[in-house]
1. Among the residues of the stretch B:49-98, write down those that are open to solvent by less than 10 Å² (accessible area, probe 1.4 Å) and in a strand (DSSP E or B).
2. Across the stretch A:38-67, what is the total count of residues that are closer than 19 Å to B:GLY99 by Cβ and facing chain B (nearest Cβ under 7 Å)?
3. What number goes with the only condition from (1) under 22 Å from B:ASP336 (Cα atoms); (2) of a type in the set (Ser, Thr, Tyr); (3) surrounded by fewer than 17 Cβ atoms within 10 Å (Cβ to Cβ) that A:SER43 does not pass?
4. Taking B:ASP223 and the conditions (1) over 19 Å from B:ASN118 (Cα atoms); (2) modelled with pLDDT under 90, which numbered condition does it fall short on, given that it satisfies the others?
5. Under 6 Å between Cβ atoms, which residue pairs at least 6 apart in sequence (or on different chains) link something in the stretch B:85-103 that is farther than 19 Å from B:THR334 by Cβ and at pLDDT 95 or above with a partner that is of a type in the set (D, E, K, R) and not in a strand (DSSP E or B)?
6. Suppose we filter B:ASN182, B:ASN118, B:ASN124 for residues that are within 14 Å of chain A (Cβ to nearest Cβ) and under 30 Å from B:VAL210 (Cβ atoms); which single one remains?
7. Scan B:GLY208, B:GLY173, B:GLY156 and give me the residue that is more than 15 Å from B:ALA266 (Cα to Cα), over 17 Å from the mean Cα position of the chain (by Cα), within 14 Å of chain A (Cβ to nearest Cβ) and open to solvent by 20 Å² or more (accessible area, probe 1.4 Å).
8. Which of the strands (runs of 3 or more DSSP E) found entirely inside the stretch B:148-215 contain at least 3 residues meeting this: of a type outside the set (S, T, N, Q)?
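The values are calculated or read from the model by the stated rules, or taken from the named source; none is laboratory data. Keep in mind that this is a model prediction, so the values were computed, not measured. In this analysis, Cβ positions are derived from the backbone assuming ideal geometry, glycine residues included, and neighbour counts consider all displayed protein chains. Protein only, heavy atoms only, side chains kept; ligands, DNA and RNA dropped before computing areas. Shrake-Rupley method; radii C 1.70, N 1.55, O 1.52, S 1.80 Å.
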Amino acid sequence: MEKEQVYSIPPKDRQEWKMLVTSKIEHRFQNFVLQMKSAEYSSKIAQGNMSVDQAIDEIYSLCEKYNKAVQLDFKKIFNNW
Amino acid sequence: MNETILKTNQLMTPAEVKELILQGNALVLSGEENLLKELPRGNWIGGTIPYFYLQGQNGRMDKEHIFVTNFSDHITDSEIRTYNNDDISNVCLKGFDNGFHFIILPALQKIHLNFALNAPSFPNLMDNPLVGLIAGADLDEFSKGKLARVFNGATGKMYSDEAVVLHASLPPGKVARLEIINVFEPDATYSIEVPEDTFTVADCIINGKVENLHDFIIRNKIDIYYPLIADYAGAKINTSFQRLNAEKHQVVFYGPLFKGKTYYFAKPVQSYAHAFEQKIKTTMSNENQLIFNCNCILNYMYGELDKNDIGFSGPTTFGEVAYNLLNQTFTYLTID
């Protein structure tokens, strides 16, 4: 039987998450949803419509969902975890 | 060889499609109105379109076959619903915790325009992929007033101003992911901003100055075969030109332009098929379970997909749905 590979994601307390949602790291995700959402977070935070913690929760949750598709992005952003 | 391999993403005869429906398969169908109308009730939704691009052969207009996408091997459950102008915003509130929503809307009707303008603010929009297409028709007939139609196979009803949706659930451990391939790149020479969300533009801001977009395009000989492109943090979103209205000095688009976004004309592409091939090589190396794809009728026409093979088979569309309305964009759904 085919064994499902499990993909890990970096812990939520890594500084890179905050840098991502505030555009301190300007990373272009390969995944379409993450491209759209990462732009939205930094804009909402700048306008005071979203807290940094909320944005981190949301992007973390999306990355958990698409954990396989974001592995190459993570290597570039986090290097290792 | 496995004889039970799922037949999907291909043209089939109405008789073959009927058999798949009677077997209870969960299907998305594209074809001529008179073919879809004759199908039995079942677990399917459909939309009119007679143009298809085909793997291993040139694309074609085909009014005798139906293009079939069969999701049965991938999903655990499905539910078909019809939405009207008043409740289309609830589309992502329905369905399943883990799955996707496949939507078909009729071209250039009120619900299409409503969706195009308002989808970005639909609740729970990004919880699960919202994928789909805008149904159309033979272009000659469409220009003479023929309406695009969508079908709710569960009820056997056909509509011209409502949306049909197949909400699908996936097994635990599987996730649906929606991606796009846009061969067009923005040319940063001119930046364009509009004063409000709109499908029709007269005056706008080009490079910081008020200009009439129609006159600017004529004066600068801009090729409107290519779309306008906005950059959403790496996601390049196209909006296609529908026509220039010389009398009113207006430009009409197939999708809305949004206030606050900056748009650019596209760099010309020598060959759509070649540009697509270059783009797809890198993108597809990581994909192994692509279950649906569609491409825009404008890419079919301007890219001459009736004379080219881009390595995939799918229906053409009068607009693609990838959470929002897109234009001139290859859109696909994959399972991880």
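1. Scanning the stretch B:49-98 gives B:PHE52, B:TYR53, B:ILE66, B:PHE67, B:VAL68, B:THR69, B:ASN70, B:TYR83.
2. 2
3. It is condition (1) that A:SER43 fails.
4. Among (1) over 19 Å from B:ASN118 (Cα atoms); (2) modelled with pLDDT under 90, B:ASP223 violates only (2).
5. Filtered contacts from the stretch B:85-103: B:ASN85/B:LYS110.
6. Just one listed residue meets the conditions, B:ASN182.
7. The conditions single out B:GLY173.
8. Filter on the stretch B:148-215 gives B:157-159, B:163-169, B:176-181, B:186-193, B:203-206, B:209-212.
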